[in-house]
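Participant: This is the structure, below, for whatever I ask next.
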Amino acid sequence: MPADISGKDAVSRALTVYNDGFALVKETRKLPEFPADGVLRYLDVAQRIETESILVEGLDIREMNYEYDLVDKNKLLEKYIGRELTIVDPESGKRSRYRLLSVANGMVVEDLETGEIVLDPKGQVRLPELPGGLILTPALVWHASRTTSDEVRVSYLTQGMSWETDYVIALPAETDGKETFSLTGWMTLRNESGMTYEDAVLRVLAGEVHRAEEPDRFILYSAVEERGMPEHESFADYHLYTIPGTVTIKDRQQKQVRLIGAEGAAGRTIYEIGPYDRNPAIYFEFGNTEAAGLGFPLPQGTVKFYRNNRTDGTAEFVGEDRIGHTAKGERVRLQLGQAFDITVDSGLTSSRKEGRYDLESYMYAIRNAKDVPVTVIIRHPVHERHWDIAESDHPAEREFGDVLIPVTVPAGKEETVRFTLRIDRSITIAGEEE
């Protein structure tokens, strides 16, 4: 008889969940009395286990099988085709003996007393035993040799688990640019691995781990949990967060744990326009530095923005964007939406030739209907290799292939910006000509 090692025998359990839809399960369980035939069944494993990833320590295993032919009604009946079963009449309680012939399109049985064939007999079907080959939960079946250890340590990868960070940024009532904000990062864990993990140490790893095949992603159900702040550490080329204490993660559950928190961080709202934009895009920008009130790795995720209403102090949702994995010291730039009260007219006003140069002049007229002044950044892309800014009536600079001009527009006023580009289209780089 095989000896069973169930989840109830667990001494410790730990999970490391990755961004890409899989997790590493690590368990230590007590070993039962070693069976004479050397066959042990390791029960209660994830249904989506990657069997080729299993690592076993504490046993000398010669052969390992993964059995997942689980009990259900159809499988039970199929195993009993050609065998005797009992059907109990629900009203009289009479027990009748039949031989099962088919379950393909309903039950077909033979009455063992009369020899008659009966289709879909009414009553409660009773089977004498659980047929061989069917199990209640997935199991690893090992053929092993006895060792001196009284515990077995098992590690394996499973699909169906993923995590992501969902951020909330709370902004104060509208200001003229620089402002402080609070940031909260919730770790959202999703489990559809076919296994419940009780009292597990939970770690999540931020970073993209290369795998041979792209894992699936899943949408699950919800449950919310708030705990102490996770401990963070650098691990290899990634970042590892350990949730305090232990957690129970049910199968087909979504769990949320507070991962990151910061108060009084410094950032600024930026209005930015380009050619032919009617309204400027709204960006929120901050440095991920200690000086700015942050300075810790930010895992990838969705950022939702709320801003306080000056009228009653309540928060209103004002936009969202996504953030990639962001290291300490990097700058974060997120788009909220478009400004309703700032409008722009822009376009090419003139074009002329001076020697080998083409001179192109542009105009941006910016109107501010807000009751506070705003600073709008003109970001004008230039799709040429050789160019410079010939003249501008506002301070301008070149950033790679863009002209950048910050413009402050008073409340209820209009500001017009004019600049000219000097473009040299006569220069030909070797290899560009046909």
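Participant: Round to the nearest 0.05 the FRET efficiency obtained for Thr51 and Glu354 when R0 = 60 Å and r is the Cβ-Cβ distance. List each step's numbers first, then the result.
Facilitator: Details: r = 73 Å, r/R0 = 1.22.
The pair Thr51/Glu354 has a calculated efficiency of 0.25.
Participant: Counting pairs of alpha carbon atoms under 8 Å apart in space and at least six apart in sequence, what relative contact order in percent does the chain give? Kindly include the intermediate steps, with their values, before the conclusion.
Facilitator: Working: 1108 pairs, mean separation 58.4, N = 434.
This gives 13 percent for the chain.
Participant: Between Asp89 and Ala170, what is the label-point separation in nm under the 7 Å Cα-to-beta-carbon projection?
Facilitator: About 7.1 nm, to one decimal.
Participant: In whole Hz, what ³J(HN,Hα) sequence does the range 369-382 give by Karplus (6.51, -1.76, 1.60; θ = phi - 60°), x for Gly and Pro?
Facilitator: 8, 6, 9, 9, x, 9, 10, 10, 9, 7, 10, 9, x, 10
Participant: Same structure, new question: Go through 141-151, 180-190 and give me the packing order, highest mean Cβ count within 10 Å leading. Mind dumping the intermediate values first?
Facilitator: Values: 141-151: 13.4, 180-190: 20.1.
Taking the mean over residues of other Cβ atoms within 10 Å, the ranking is 180-190, 141-151.
Participant: Which entry in [x] 39; [y] 26; [z] 54 is this structure's computed percent of Cα pairs over 37 Å apart?
Facilitator: [z]
Participant: Sticking with this structure for a sec: What does the helix-only formula give at 222 nm for the chain: each DSSP H stretch with n ≥ 4 adding -39500 (n - 2.57), the total divided by the residues, and the result rounded to the nearest 500 deg cm²/dmol? Intermediate values should be presented prior to the final figure.
Facilitator: Numbers: 1 runs with 7 residues, N = 434.
Only helices count here, giving -500 deg cm²/dmol.
Participant: So, one more: Percent relative contact order of the range 73-126, based on C-alpha pairs within less than 8 angstrom and at least six residues apart? Could you put the intermediate results ahead of the total?
Facilitator: Working: 95 pairs, mean separation 17.4, N = 54.
Relative contact order comes out at 32 percent.
Participant: For the range 342-424, what relative contact order do you get, as a whole percent, if you take Cα pairs closer than 8 Å and at least 6 residues apart?
Facilitator: Details: 193 pairs, mean separation 31.2, N = 83.
Relative contact order here is 38 percent.
Participant: Here is a further query. Hey, how many Å between the Cα centroid of the range 346-366 and the Cα centroid of the range 9-83?
Facilitator: Measuring centre to centre over Cα atoms gives 72 Å.
Participant: Let me ask something else. Can you sort Lys75, Lys122 by how many other beta carbons sit within 10 Å, fewest first? Don't skip to the answer; put the middle values down first.
Facilitator: Details: Lys75 15, Lys122 9.
Ordered by Cβ neighbours within 10 Å, fewest first: Lys122, Lys75.
Participant: By counting other Cβ atoms within 10 Å of each Cβ, how are Thr242, Thr311 ranked from fewest to most?
Facilitator: Values: Thr242 15, Thr311 7.
Lowest count first: Thr311, Thr242.
Participant: Among the listed pairs Lys122/Lys250; Lys8/Lys250; Lys73/Lys122; Lys255/Lys304; Lys250/Lys328, give every one whose C-alpha distance is greater than 27 Å. Don't skip to the answer; put the middle values down first.
Facilitator: Numbers: Lys122/Lys250 38 Å; Lys8/Lys250 16 Å; Lys73/Lys122 16 Å; Lys255/Lys304 19 Å; Lys250/Lys328 34 Å.
Flagged as over cut-off: Lys122/Lys250; Lys250/Lys328.
Participant: Got a sec? How would Met107, Met161 order by Cβ neighbour count within 10 Å, fewest to most? All intermediate terms of the calculation are to be shown ahead of the outcome.
Facilitator: Working: Met107 18, Met161 29.
Least crowded to most crowded, the residues run Met107, Met161.
Participant: For the peptides 366-372, 266-272, what is the packing order when you average, over each peptide's residues, the other Cβ atoms within 10 Å and list the highest mean first? It would help to have the intermediate numbers written out before the result.
Facilitator: Numbers: 366-372: 16.3, 266-272: 19.3.
For the peptides 366-372, 266-272, the packing ranking is 266-272, 366-372.
Bear in mind these aren't lab numbers, they're just calculated from the coordinates by the rules spelled out. The model shown is predicted, which means the values in this text are computed figures rather than measured ones. For neighbour counting, all protein chains shown are included, and Cβ atoms are generated from backbone atoms with ideal geometry for every residue, glycine included.
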